[in-house]
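Here's the structure we're looking at; comments come further down.
The values are calculated or read from the model by the stated rules, or taken from the named source; none is laboratory data. Predicted, not measured: the structure shown is a model, and the values here were computed from it. Positions of Cβ are generated from backbone atoms using ideal geometry, with glycine treated the same way; all protein chains shown enter the neighbour counts.
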Amino acid sequence: MTSNHQIQLNSEHNWHAVTGEIPTPQPKELLIKVMASSLNPVDLKRRAVTTTILGYDGYGTVQTVGTAVTHFHPGDIVFYAGSTQIDGSLQHYQCVPEAICALAPTSISAAEIAGLPLVSLTAYELLFEKLGFTAKQNANYGQSLLIINGAGGVGSLLSQLAKWAGLTVTATSSPTHFAWLKANGVDQPLDYHSPSALANLAGLFDNAFDAIAVLYDIESYLPEVARLIKPFGQVGTIVGNAHPLDLAPLKPKSASFSFEYMFTKTDFQYQTASQGAILQQIAQLIDAQLLHPITTAHYNGLTVANLQTITDKLLAGHTTGKQVLVY
């Protein structure tokens, strides 16, 4: 190990390839030879505000461990979602805190594994830590969830986890993605373009859902969310808002509202080990065939051209699943 191929950002915030040094793990870190990663919308948002190496999904082999590491050994194959506080996975060698790593699933490919960490953590934290459902198979039978924008990476894992947990799942997307929604556990797909009262939110009864997850800018959806949520229901979103939100319509129903941001735990060093534990549960559910991967395309090689191809697809929007790089 003499050099570390990396993709960094230049002064114009564009991708460019460089050769860096192989890092040395801190006492509680793993040095990982990265074998696959993926891009998420958050990478593109942070591209304009950071000089760190991006890449918040990773899969690879542990090379060496820090002096205080207790749960991993050289040769272990792990997956993880990284942190905004460290350089990311768009490099061949990366140091990652052991607390946020887990042993990778053994039943699926590198490309499939690398598409899981960030979206799995976001979906799990939103569903079970914010919306308050029980993280156990069929434990929430009889309860209902609406997912707005259900065909993307987070939505595709959220619907699977919700179905595993016993919920009845409704989700919106373009009709071209209805088959994808159903394959990922959605009971009732809704066309978010259609004017038909039978096919969109306006056709749903008042007080229809125990919880609503909004995976798109929530501002325009708030009136419908307030109508559709049950009394004492839970509303959550993963998207920031450009303007102050008027949550007053939720008050008569005593409905709760919360944000989910996967990086909060590592940004503030709050229960970081819970993320490693969540990923270990995700791996077990994958290997038990109770969840399935959502990688829809992968590209061979950590190159600027491949990264730009994925970037262009994400910026164009309306992608399903995850786009992955295999090194």
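Given the criterion crowded, with 21+ Cβ neighbours inside 10 Å and either assigned by TED's automatic domain parsing to the domain that holds Ala283 or among the hydroxyl-bearing types (Ser, Thr, Tyr) (or both), identify the matching residue among Ala68, Ala104.
Working: Ala68 fails: crowded, with 21+ Cβ neighbours inside 10 Å.
Every option except Ala104 fails the conditions.
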Discussion item. Need the failing condition index for Ser37 against (1) under 27 Å from Trp15 (Cβ atoms); (2) without any contact (Cβ under 8 Å) to a residue 40 or more places away in the chain, just the number.
Written reply: (2)
Worksheet item: Name the residues in the stretch 9-63 that are over 18 Å from Gly301 (Cα atoms) and crowded, with 20+ Cβ neighbours inside 10 Å, would you?
Response: Pro25, Glu29, Leu30, Leu31, Asp43, Val62
Response to the item:
Residue hits (the stretch 136-147; under 28 Å from Tyr192 (Cβ atoms) and over 15 Å from the mean Cα position of the chain (by Cα)) are Asn140, Tyr141, Gly142, Gln143, Ser144, Leu145, Leu146
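Conditions (1) assigned by TED's automatic domain parsing to the domain that holds Ala99; (2) surrounded by 13 or more Cβ atoms within 10 Å (Cβ to Cβ); (3) at pLDDT 95 or above, marked per residue:
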| position | (1), (2), (3) |
| --- | --- |
| Thr237 | no, yes, yes |
| Pro252 | no, no, yes |
| Ala255 | no, yes, yes |
| Ala283 | yes, yes, yes |
| Ala288 | yes, no, yes |
| Asn300 | yes, no, yes |
| Lys313 | yes, yes, no |
Worksheet item: Has the stretch 284-292 got any residue that is of a type outside the set (Phe, Trp, Tyr) and touching a Leu at 6+ places or on another chain (Cβ under 7 Å)?
Response: yes
Worksheet entry | Selection within the stretch 209-247 - in contact with an Asp or Glu (Cβ under 8 Å, 6 or more places away or on another chain), in contact (Cβ under 8 Å) with a residue 60 or more places away in the chain and of a type in the set (A, V, I, L, M, F, W, C) | Leu228, Ile238
Item to complete: Determine, yes or no, whether Ile53 is in contact (Cβ under 8 Å) with a residue 24 or more places away in the chain, touching a Leu at 6+ places or on another chain (Cβ under 8 Å) and among the hydrophobic types (A, V, I, L, M, F, W, C).
Response: yes
Fill in: Unique residue being surrounded by 18 or more Cβ atoms within 10 Å (Cβ to Cβ), in contact with a Pro (Cβ under 9 Å, 6 or more places away or on another chain) and among the polar types (S, T, N, Q) when the list is Thr320, Thr266, Thr295
Thr266
Item to complete: Would you check if Ala226 is in contact with a Lys or Arg (Cβ under 8 Å, 6 or more places away or on another chain), of a type in the set (Gly, Ala, Ser), in a helix (DSSP H, G or I) and assigned by TED's automatic domain parsing to the domain that holds Tyr141?
Response: yes
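Identify the residue in the stretch 55-100 that is part of a strand (DSSP E or B) and under 15 Å from the mean Cα position of the chain (by Cα) and, among all such residues, is nearest to Asp43 (Cα to Cα).
Step one: list which residues in the stretch 55-100 are part of a strand (DSSP E or B), which gives 58-65, 77-80, 91, 93-97.
Of the ones still in play, those that are also under 15 Å from the mean Cα position of the chain (by Cα) are 58-59, 79-80.
Numbers: Gly58: 13, Tyr59: 17, Phe79: 18, Tyr80: 15 Å.
In this case the residue turns out to be Gly58.
Any idea which residue in the stretch 121-155 is nearest to Asn207 (Cα to Cα), counting only those that are hydroxyl-bearing (Ser, Thr, Tyr) and touching a helix residue (DSSP H, G or I) at 6+ places or on another chain (Cβ under 7 Å)?
If we filter the stretch 121-155 for residues that are hydroxyl-bearing (Ser, Thr, Tyr), which is where we start, we get 122, 124, 134, 141, 144.
Next cut, touching a helix residue (DSSP H, G or I) at 6+ places or on another chain (Cβ under 7 Å) only: 122, 124.
Details: Thr122: 26, Tyr124: 24 Å.
If we take residues in the stretch 121-155 being hydroxyl-bearing (Ser, Thr, Tyr) and touching a helix residue (DSSP H, G or I) at 6+ places or on another chain (Cβ under 7 Å), then Tyr124 is nearest to Asn207 (Cα to Cα).
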Practice prompt. Would you mind telling me which numbered condition in (1) within 20 Å of Gly60 (Cα to Cα); (2) surrounded by fewer than 18 Cβ atoms within 10 Å (Cβ to Cβ) Pro244 fails?
Written response: (1)
Fill in: Ala17 vs. criteria in contact with a helix residue (DSSP H, G or I) (Cβ under 6 Å, 6 or more places away or on another chain), among the aliphatic types (A, V, I, L, M), more than 30 Å from Leu215 (Cα to Cα) and outside any loop (DSSP other than H, G, I, E, B)
yes
Response to the item:
Considering the stretch 157-186, residues that are touching a residue at least 60 places away in the same chain (Cβ under 8 Å) and of a type in the set (A, V, I, L, M, F, W, C), and then whichever is surrounded by the most Cβ atoms within 10 Å (Cβ to Cβ), we arrive at Leu157
